[in-house]
Amino acid sequence: GADGPVDVARAADAGAHLVRVALIEGVLEAVIPAEVPGWLFVRVARATGDDTSEGLGRRVRDSVLDLDPRDDGVGALPFVVVVGEDADLQSAVDPFFHWLAQMDPGRDMVVRAASERAGFDATPKTAGDAVGGRPVRAWPPILRTPPDVTARCLGIRQGE
């Protein structure tokens with residue numbers, strides 16, 4: 001903040017706020033990763049190709065930004081990132097991958113200057129999610145290596 005360092009929320013002390021976020025319609029999970037205090041990741045019920053819940057990411061993003069963490073005795077949460085149901089919020093990397101891969105700042109970012117917070121809709125999009133003339137392209141499915149292939153590769157690397 002302009003007045004000095006900001007006390008950001010940590011996972012260990014944000015339980016009350018995470019409960020309020022989890023009560024928002026469409027939310028499956030809300031996490032502040034231990035590795036990145038001040039970042040709130042919210043997983044919602046929207047999968048790649050789902051055109052039945054257009055706008056869900058924006059609605060949840062805005063609803064979360066409307067909640068003031070200070071009302072719950074929690075430090076600042078300057079970054080709110082809403083991701084789809086395929087994101088693994090227990091991973092240190094996966095939520096950030098989804099944030100960067102499925103978000104256009106001109107279309108999906110909202111900055112609330114008064115509360116010094118930024119929110120991002122990083123959910124999978126379909127054509128109905130276009131905003132302000134910014135189109136949405138079809139996202140390919142995320143490629144995942146089958147567990148047996150990963151195990152074989154690790155075994156080879158370790159000389160087994």
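The values are calculated or read from the model by the stated rules, or taken from the named source; none is laboratory data. Since the model is a prediction, treat every value here as computed from it, not as a measurement. Cβ atoms come from the backbone with ideal geometry, glycine included; neighbour counts cover every protein chain shown. Ligands, DNA and RNA are stripped out before the accessible areas are found, and what is left, the full protein with its side chains, is counted by its heavy atoms. Shrake-Rupley method; radii C 1.70, N 1.55, O 1.52, S 1.80 Å.
For the reader, a short list of remarks on this structure follows.
- Odd one out for A34, checked against (1) surrounded by 18 or more Cβ atoms within 10 Å (Cβ to Cβ); (2) over 11 Å from D121 (Cα atoms): (1)
- So A16, is it at pLDDT 95 or above, outside any loop (DSSP other than H, G, I, E, B) and open to solvent by 10 Å² or more (accessible area, probe 1.4 Å): no
- Selection over the stretch 43-59 of residues that are without any contact (Cβ under 8 Å) to a residue 40 or more places away in the chain and assigned to a helix (DSSP H, G or I) gives a count of 1.
- Flag for A34 being farther than 20 Å from L100 by Cβ, of a type outside the set (D, E, K, R) and touching a strand residue (DSSP E or B) at 6+ places or on another chain (Cβ under 9 Å): no
- Test: residue in the stretch 120-133 that is in a loop (DSSP other than H, G, I, E, B), out of contact with any Leu (no Cβ under 6 Å at 6 or more places or on another chain), more than 25 Å from R20 (Cα to Cα) and open to solvent by 60 Å² or more (accessible area, probe 1.4 Å): yes
- Unmet criterion (only one of (1) open to solvent by less than 60 Å² (accessible area, probe 1.4 Å); (2) part of a helix (DSSP H, G or I)) for D148: (1)
- The stretch 46-64, subset open to solvent by less than 40 Å² (accessible area, probe 1.4 Å) and either touching a helix residue (DSSP H, G or I) at 6+ places or on another chain (Cβ under 7 Å) or charged (D, E, K, R) (or both), residue modelled with the lowest pLDDT: D50
- In a residue-by-residue description of the stretch 71-82, the property of being over 19 Å from H17 (Cβ atoms) and either open to solvent by less than 50 Å² (accessible area, probe 1.4 Å) or in contact (Cβ under 8 Å) with a residue 12 or more places away in the chain (or both) applies to no position.
- Pairs linking a residue in the stretch 85-99 that is without any contact (Cβ under 8 Å) to a residue 40 or more places away in the chain to a residue that is among the hydroxyl-bearing types (S, T, Y) and assigned to a loop (DSSP other than H, G, I, E, B), with Cβ atoms under 9 Å and 6 or more positions apart or on different chains, are F97/S91; H98/T123.
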